[in-house]
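Below you'll find the structure, written out as structure tokens, and then a few comments.
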Amino acid sequence: MESIRYHPLVSNDDEGTERVPLFYTEDRQTVSERHDLYLEEAVPHYYRLCAKYPHTEDVAAKYRVRCPLCGRTMKTISRPTDHHRLSLYCCSECSGKEQ
């Protein structure tokens with residue numbers, strides 16, 4: 001991958017905790033202005049959850065984020081770095097596969 005991909009997220013349930021990615025773009029500014037949550041993919045198959053508005057760690061931990069490739073719920077593999085750059089996610093199915 002030569003550039004960073006940004007995947008806007010939309011809610012997929014009534015509580016707003018299930019998040020599904022849309023098609024990616026390489027335009028961070030547009031995604032961050034128009035979407036409250038999005039995934040940043042700087043390393044293939046590893047996704048940083050980013051928030052437009054500050055999130056506490058407890059609120060961020062409630063999100064169930066779907067994989068942009070296969071649609072399965074991804075696992076968190078790190079804690080948030082701050083209130084806008086939240087947990088790092090990976091898909092146990094797709095992270096080991098070469099796409």
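The values are calculated or read from the model by the stated rules, or taken from the named source; none is laboratory data. Worth saying up front: this structure is predicted, and the values here are computed from it rather than measured. Don't worry about glycine lacking a Cβ; one is built from the backbone with ideal geometry, like all the others, and counts go over all protein chains shown. Please note that ligands, DNA and RNA were not included when accessible areas were found on the heavy atoms of the full protein model with its side chains. Shrake-Rupley method; radii C 1.70, N 1.55, O 1.52, S 1.80 Å.
Search segment 50-72 for residues being farther than 23 Å from residue 25 by Cβ and not basic (Lys, Arg), and hand back the single one that is modelled with the highest pLDDT.
54
Checking the condition free of Cβ contacts under 8 Å to residues at least 12 places away in the same chain, among the hydrophobic types (A, V, I, L, M, F, W, C) and open to solvent by 30 Å² or more (accessible area, probe 1.4 Å), which residue from 59, 10, 20 passes?
Numbers: 10 fails: free of Cβ contacts under 8 Å to residues at least 12 places away in the same chain; 20 fails: free of Cβ contacts under 8 Å to residues at least 12 places away in the same chain.
Of 59, 10, 20, the one residue that is free of Cβ contacts under 8 Å to residues at least 12 places away in the same chain, among the hydrophobic types (A, V, I, L, M, F, W, C) and open to solvent by 30 Å² or more (accessible area, probe 1.4 Å) is 59.
Just to be sure I understand, how many residues within segment 23-41 are more than 16 Å from residue 82 (Cβ to Cβ) and either open to solvent by less than 60 Å² (accessible area, probe 1.4 Å) or among the β-branched types (Val, Ile, Thr) (or both)?
Result for segment 23-41: 6.
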